[in-house]
Amino acid sequence: MKKTWTTRVSQNLQSLDQEDQLKREINALYTMLSGMVGADKLILKAGKLEALTLLRSRKPEERVLGLQRVIYENPAIVETPAMEDIPAVLQELYDELADQTARRAVEDSIERKVAEKMQEKHEEYIMEVKRQLVKEQGGPESPQTLKKFAQLEKMKCQKLNRSAMDILRPQSLDEIVGQEAGVQALMAKLASPYPQHMIIYGPPGVGKTTAARLALEAAKKLKQSAFHAEAPFVEVDGTTLRWDPRETTNPLLGSVHDPIYQGAKRDLVDGSVPEPKPGLVTEAHSGILFIDEIGELDLHLQSKLLKVLEDKNVKFDSAYYDSSDSQVPQYIRKLFEEGAPADFVLIGATTCAPEEINPALRSRCTSVFFEPLTSAHIEEIAAGAAVKLEAKLEPGVARTISEYTTEGRQAVNLVSDAFGLALYRQAESDNEEIIITREIVMDSLRSGRHSPNAPQKNTEGEACGRVFGLGVSGYHGGVLEIEAISFPARQPGKGTIRFNETAGSMARDSVFNAAAVIRRITGEDLQDYDLHVNVIGGGRIDGPSAGLAVVIALISAIKDWPVRQNVAVTGEVSLQGYVRPVGGIPEKIYGARLSGMPVVLVPQENKDDVPKVPDGMQVIPVATVEEALPWFFGETAAELVQKRNKVS
């Protein structure tokens, strides 16, 4: 009896301990739920789910039922769990609460990221709206920016007068001096309904660029012209254009700015859209592309330019271009798929000789030649510049200027310099007329360290072993003094001939050709003499054109015959004594005139190359050495040679 009562008491105590444990767990679960949801929200939620009374009950079964309704958010749960089922129900509630907690954590994280993105987009939208408002209101102006803008406007209004070159530059083709033939050839190629590409050859400063620009304006006015009234004239210097192997920059032909390129637009970068940048060839479309110093243009660019001339179109390519991308603007799509138009007339200008230009480029362009300016042309340019500056030239000033330059541009600059000096010196005088005197011009020349073009040669009298030959450097001719001296050889037949090396191998060969000719004409064997031939000043002679001058100098040295000093000569001499043609006849005659030579001998076969001979000058064609001798040695020497030839 006692044992049964003890067992029953023990079981009751154990039952009380289990119930107390369950109550603790229920209270802990309720506290956790209250902490997660909030006490106030938990009460409101329990009231809506008809679980508030159950949660406040003292019976564990009813509290668990209330927790089930709140956690599952289901007021339809009405079955009160038995006491022995409460541990299992609590475990299920723990699992559900853990799932809800994890789900809520993920949802909170996603919501936080969404909120951040929404905030970022909101800020971008606000900035875009602000930028739009700023544009609508006239820009991001402030008192400081408006002040700086006002300063710039004030500076823009405070200009110096126009530069002298703006005033003195020719305004029509009629004002271009000394290039009538070149201008006519230029207009003939532009006036046609089918204008041609061309290269203008000529020395610097004679008006090539100005003539091309004015020729386009004149061509626009012609009825049959292919150029419309708005045809562009795009000018560029070939020395400044270089080929970029990366193709990221090409101002001549154009390039593509990929999205990663620094110069790409931001809106295109955001869409990963490449942007083609058309070049000068497209800017010159339907007009003229003028490339100064085209001979200096990069060879790779020349090759690419030739392709454009053939296709009349420039193609663009980029790995970033996607034809299926709907975000590509229409103009970019058109440039990539059809290319940029480049139908223009190419006019190149160069100071190089034609043979120095790329043959492929030269074959696609016709040639126009501008001639070197004569002294008369320089005088005319100087006088015209003085008229435009509203100044008066003292008699002889224009002639003085012509003695110091062969370039029209430099002549204009000299007049401008003298004009400024005249203004400075007359600042304190009451005389309003600006007079440019020779003294003022000479002061300007000395300050600029200018030297005469070609020193005047002493053409008076006669001299043994000295002959004036003619040479060409670039587009300018000049007079070369060739002198010779002879001595009897120490041993007959073992004489030597010495020629200065700086004159070139072709000129040295002329000496050996001359030896054969002299022996045939005079009977003298040059091997019996020690001879020294020299080009004074070390001037280099290109080609064999000094042959006749060398023959005359050697004959004079051997025979001790004096040579007339008023005659200059050019021409190659064959072994049989014929005077063969040479190049550069117009330039050589011009150089002889600058040096004051009244008589010039040229090969008979070059007579058609002789330009209009200036007054006071005589140009004589000769076919053989015998024909040239009287002009240097007189009739007496010529007769001796003829008699010798008859005897032989």
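Nothing in this text is a laboratory measurement; each read-out follows from the coordinates by a stated rule. Please read all numbers here as calculations on a predicted model, not as lab measurements. For neighbour counting, all protein chains shown are included, and Cβ atoms are generated from backbone atoms with ideal geometry for every residue, glycine included.
Things to note:
- Bridging of LYS334 to lysines at a Cα separation below 26 Å is possible for LYS265, LYS277, LYS304, LYS307, LYS312, LYS315, once same-chain residues fewer than 8 apart are set aside.
- Virtual spin-label span in nm between ASP325 and GLU217, 7 Å along Cα→Cβ: 4.5
- With the highest mean first, a sort of the peptides 231-237, 622-628 on other beta-carbon atoms found within 10 angstrom per residue produces 622-628, 231-237.
- In straight-distance terms, cross-link reach from LYS612 covers every one of the aspartates and glutamates whose alpha-carbon lies under 19 Å from its own, apart from those fewer than eight places away in the same chain; here that gives GLU180, GLU371, GLU379, GLU380, GLU587.
- Ellipsoid semi-axes for the stretch 388-447, based on the Cα gyration tensor and the rule √(5λ), read 20, 11, 10 Å when sorted largest first.
- Subtracting the Cα-Cα distance of VAL89 and VAL613 from their residue separation scaled by 0.36 nm leaves 175.9 nm.
- Mean Cβ neighbour count within 10 Å, used as a protection proxy, ranking 603-615, 517-529 highest first: 517-529, 603-615
- Backbone amide hydrogens, once placed in the peptide plane, bring ILE620 within less than 5 Å of VAL600, LEU601, VAL602, excluding anything fewer than 5 places away on its chain.
- Within-13-Å neighbourhood charge of THR31 [Cβ basis; K, R +1; D, E -1]: +2
- Folded to 0 to 90 degrees: helix 505-522 orientation relative to the chain principal axis, Cα: 20
- Gain in span if fully extended, ALA353 to LEU146, counting 0.36 nm per residue against the direct Cα distance: 68.9 nm
- Cβ-derived FRET efficiency at R0 56 Å, GLU338 paired with ALA102, nearest 0.05: 0.45
- Ratio of Rg to Rh over the chain (Cα coordinates, Kirkwood Rh, two decimals): 1.43
- Look at the alpha carbon pairs under 8 Å that are at least 6 residues apart: their mean separation over the length of the chain gives a relative contact order of 9 percent.
- Furthest towards positive pole of dipole, PRO60, LEU152, GLN171, structure part the chain, Cβ charges: PRO60
- Beta bridges assigned by DSSP with both partners in the chain are antiparallel in approximately 45 percent of cases.
- Difference of contour (0.36 nm per residue) and Cα-Cα distance, GLU462 to LYS307: 49.7 nm
- 222 nm mean residue ellipticity, helices alone, for the chain (DSSP H n ≥ 4; -39,500 (n - 2.57); rounded to 500): -15000 deg cm²/dmol
- Part-to-part distance (alpha-carbon centres) for the stretch 575-640 and the stretch 204-227, which is given in Å: 38
- Simple spin-label estimate for VAL37 and ILE536 in nanometres, 7 Å along Cα-Cβ: 12.2
- Helix 143-157 vs. the chain, principal-axis angle (Cα, 0 to 90°, nearest 10): 10
- FRET efficiency estimate (nearest 0.05) - Cβ-Cβ, GLN171 to ARG362, R0 30 angstrom: 0.40
- Residues GLU153 and GLU128, FRET efficiency given R0 of 25 Å [Cβ-Cβ distance, rounded to 0.05]: 0.25
- Cα long-axis angle, helix 547-559 against the chain (0 to 90 degrees, to the nearest 10): 40
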